[in-house]
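Participant: My questions will all concern the structure given below.
The values are calculated or read from the model by the stated rules, or taken from the named source; none is laboratory data. Quantities reported herein were computed from a predicted structural model and do not represent experimental measurements. Virtual Cβ from ideal backbone geometry, glycine too; neighbours counted across all protein chains shown.
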Amino acid sequence: MILPVRNYSNNNLSFAAKRSDMTKQNPDSIPEEDLYIFTTSHGKRISKEELKKKQAILVDNTARNRMAIWWDKFTNAITMYPARGLKGSKNSNFYEFLTMGMVPYLTGSVMLMSVFNSANKFFEHRDKLNASKLGNKMALGVLFYGLAKTFSKSFVTAPVRWFTGVDTEAPYAKLCYKLPESKNDTDIPSLEYHKVYESLEFPYWDLNYGHESKGQVRNAYYDKVARKLGLGTHLRDSDQEAKPRIKEIAVKTNLAKTFSSYLWAAVGVGFALQKPWEDYFKVATLKFWKPKQFFKSLDTLCTSFGNSINTFVKGPENAKGLAKYSGVGLLGLAAASTLIGIVNALTSSNKPSKLDSADIIEKNRKYVVN
């Protein structure tokens, strides 16, 4: 497994394993054993020479790596990138601009959650209680909206990866070199995170090839995908056969995950508005130094969570018609959109142009070539 390590910066941007390694030195002056970006599952470091040769490194799409990449992008988005932009740095680019987009999204969510409850203290006691009940649910709805919208995308991408071998979310790290801003700046590396199929017009196909110099089969990935897609086995040019189908899968998967994620987000909001959550908010606390209150809060959280699921699916007591079945209807709609999206991604609209050589050429038959 490949694990990305956070990159830190100062006047001269460089990469290291530990914060203590960072100085104002040129990257060439940092000891070779300390200059690396990734390590393998066996702890092998990528040397300085390897680092300079590699322009892009495919990263295993694991939860740990996704979190590490997100955290690295987030810390840069609130520190390094805005600082460069405000200074008018010539190294400030469009990637940094797009990465900073996560900051207003998160801060806006927090502000929206606070808005629902910030004015409650000015109300009379009875009005304050009623406003707090609704305000807390609305704040929880913002949280569940973000969580459901984010994690529901895996409901589509994971099955597609299992059935086809195509990981439409495959990340890679791209090594760039910044322009010098002073006479002492030389070979200033910068790390950007992208996805192989980020551009559907121009996917980064090269990252899927094996390195024959390392004993790897060049088309091993495409052979696997072609076999899973039923394009045949032992194809001479499996990459050329699989690429159109892979691109089609990526397009359909992106459509399915985007469309279904909003429906799952609506499910998250509806789930947060259920009445059982009121029991939790009465005892909610984060004061872990008071164990009795804290563990009671956790116990009530689990109970309210289960009761809210039950109420959302079965409907509130004495409810009829739309009020009773709206929750399960919305849940069914979200699940159906996910299932339809998966099936659509797995269904090819293009027939393969080639099959196994055994299916094409009959050895006992004579052929005439014009």
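Participant: When the stretch 318-329 is examined, which residues are found to be surrounded by 11 or more Cβ atoms within 10 Å (Cβ to Cβ) and assigned to a loop (DSSP other than H, G, I, E, B)?
Facilitator: Correct list: 319 only.
Participant: Another question about this same structure. If a residue must be surrounded by fewer than 19 Cβ atoms within 10 Å (Cβ to Cβ), in contact (Cβ under 8 Å) with a residue 24 or more places away in the chain and either of a type in the set (A, V, I, L, M, F, W, C) or under 13 Å from residue 268 (Cβ atoms) (or both), how many such residues does the stretch 152-166 contain?
Facilitator: 1
Participant: Condition first: in a helix (DSSP H, G or I) and either more than 27 Å from the chain's Cα centre (by Cα) or modelled with pLDDT of 95 or more (or both). Now tell me which residues in the stretch 228-245 satisfy that.
Facilitator: Once the filter is applied, which keeps residues that are in a helix (DSSP H, G or I) and either more than 27 Å from the chain's Cα centre (by Cα) or modelled with pLDDT of 95 or more (or both), the stretch 228-245 yields 238, 240, 241.
Participant: Now, a different point. Anything in the stretch 58-107 that is in contact with a Lys or Arg (Cβ under 6 Å, 6 or more places away or on another chain), over 21 Å from residue 203 (Cα atoms) and touching a residue at least 24 places away in the same chain (Cβ under 8 Å)? List them, or say none.
Facilitator: Result: 72, 91.
Participant: Working only within the stretch 233-264, note down all residues that are farther than 18 Å from residue 344 by Cα and surrounded by 20 or more Cβ atoms within 10 Å (Cβ to Cβ).
Facilitator: 235, 238, 241, 264
Participant: Using beta carbons and a limit of 7 Å, which pairs, at least six apart or on different chains, have the first residue in the stretch 272-296 and under 18 Å from residue 142 (Cβ atoms) and the second one polar (S, T, N, Q) and surrounded by fewer than 14 Cβ atoms within 10 Å (Cβ to Cβ)?
Facilitator: So the pair list comes out empty.
Participant: Then there's this: In the stretch 91-117, which residue that is touching a Gly at 6+ places or on another chain (Cβ under 9 Å), modelled with pLDDT of 90 or more and of a type outside the set (D, E, K, R) is farthest from residue 185 (Cα to Cα)?
Facilitator: In this case the residue turns out to be 100.
Per-residue answers, yes or no, for (1) in contact with a strand residue (DSSP E or B) (Cβ under 6 Å, 6 or more places away or on another chain); (2) at pLDDT below 90; (3) on the phi < 0 side of the Ramachandran plot; (4) among the hydroxyl-bearing types (Ser, Thr, Tyr):
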| residue | (1), (2), (3), (4) |
| --- | --- |
| 268 | no, no, yes, no |
| 279 | no, yes, yes, no |
| 288 | no, yes, yes, no |
| 306 | no, no, yes, no |
| 315 | no, yes, no, no |
| 330 | no, no, yes, no |
| 366 | no, yes, yes, no |
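Yes/no matrix, rows are residues, columns are (1) closer than 30 Å to residue 159 by Cβ; (2) outside any helix (DSSP H, G or I); (3) more than 31 Å from the chain's Cα centre (by Cα); (4) of a type in the set (S, T, N, Q):
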position: 260; (1), (2), (3), (4): yes, no, no, yes
position: 286; (1), (2), (3), (4): no, yes, no, no
position: 306; (1), (2), (3), (4): yes, no, no, no
position: 312; (1), (2), (3), (4): yes, no, no, no
position: 316; (1), (2), (3), (4): no, yes, yes, no
position: 336; (1), (2), (3), (4): yes, no, no, no
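Participant: Sticking with this structure for a sec: Limited to the stretch 119-172, what total is found for residues that are assigned to a helix (DSSP H, G or I), under 19 Å from residue 345 (Cα atoms) and of a type in the set (A, V, I, L, M)?
Facilitator: Adding up the residues that qualify gives 3.
Participant: Return the residues of the stretch 108-130 that are touching a Lys or Arg at 6+ places or on another chain (Cβ under 9 Å), surrounded by 11 or more Cβ atoms within 10 Å (Cβ to Cβ) and of a type outside the set (Phe, Trp, Tyr); say none if nothing qualifies.
Facilitator: 120, 128
Participant: Would you call residue 354 at pLDDT below 90, surrounded by 15 or more Cβ atoms within 10 Å (Cβ to Cβ) and outside any helix (DSSP H, G or I)?
Facilitator: yes
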